[in-house]
Structures are given as structure tokens and as C-alpha cells.
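The values are calculated or read from the model by the stated rules, or taken from the named source; none is laboratory data. Because the structure is predicted, anything quoted here is derived from the model rather than measured. Cβ atoms come from the backbone with ideal geometry, glycine included; neighbour counts cover every protein chain shown. Accessible surface areas use protein heavy atoms only, side chains included; no ligands, DNA or RNA. Shrake-Rupley method; radii C 1.70, N 1.55, O 1.52, S 1.80 Å.
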Amino acid sequence: MSRIIQFPAPARLYTGTVCVMGDQAAGFEVAHESSTGNSWGEFTSYPSAQEAIAAAYAMNRDRYAGQCDVWVCPAASNDREGM
């Protein structure tokens, strides 16, 4: 006879995606999308892609213990060097 012992659940479950959106003309925005995709929050604006991308990774590190995905839109990715 055997006994199954469950491991405890992690302290924080998957917490969603931190997104960088926008373009050079309109500005860039960082927001958090929930893991279900049903809610958004923490919208902040930045004048450059480089600042927005840095803020997104900092938000993931500081507020979500590095457990979120970070998604960067193509316009921000292309503009990240300030071109």
C-alpha cells in the first residue's frame, strides 16, 4: 500500500502578463493583464519605449515577484533604442 503526499501549492500562482503597448506618436503604456485575461490594471504612461520596457520588467520584479510574462508590442520593440 502506498501513500501520496501532495506538495504544497506555491505561495503565488501565475499572476498574468505585464504588457508594453503604444507607439512613438501616441506614447507608450505599461499595464498588467490578469492571468484569466478578464481584467487589466496599473496603467502607466511613458514617453519612450526604453522607459516603458524598463518599467514593465521592474513592475514584474517588484510587484509580482518575477512571476508574470512580459509582452512588448512590436512598435515598442522596434523603437526601444530610440530610433
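The distance between label points at ALA65 and THR36 comes to 2.1 nm (points 7 Å beyond Cα on the Cα→Cβ vector).
The phi torsions of the range 43-52, fed into the Karplus equation with coefficients 6.51, -1.76 and 1.60 and a -60° offset, translate into couplings of 6, 9, 9, 9, x, 10, 5, 4, 5, 5 Hz, rounded to whole numbers, with Gly and Pro shown as x. Legend: residues TYR64, TYR46, sorted from most to least accessible area (1.4 Å probe; ligands, DNA and RNA excluded), read TYR46, TYR64.
Peptides 30-42, 48-60 ordered by packing proxy, namely the average of other Cβ atoms within 10 Å per residue, highest first: 48-60, 30-42.
Between amide H atoms placed 1.01 Å from N, distances below 5 Å from VAL72 occur with VAL20, all of them 5 or more places distant or on a separate chain.
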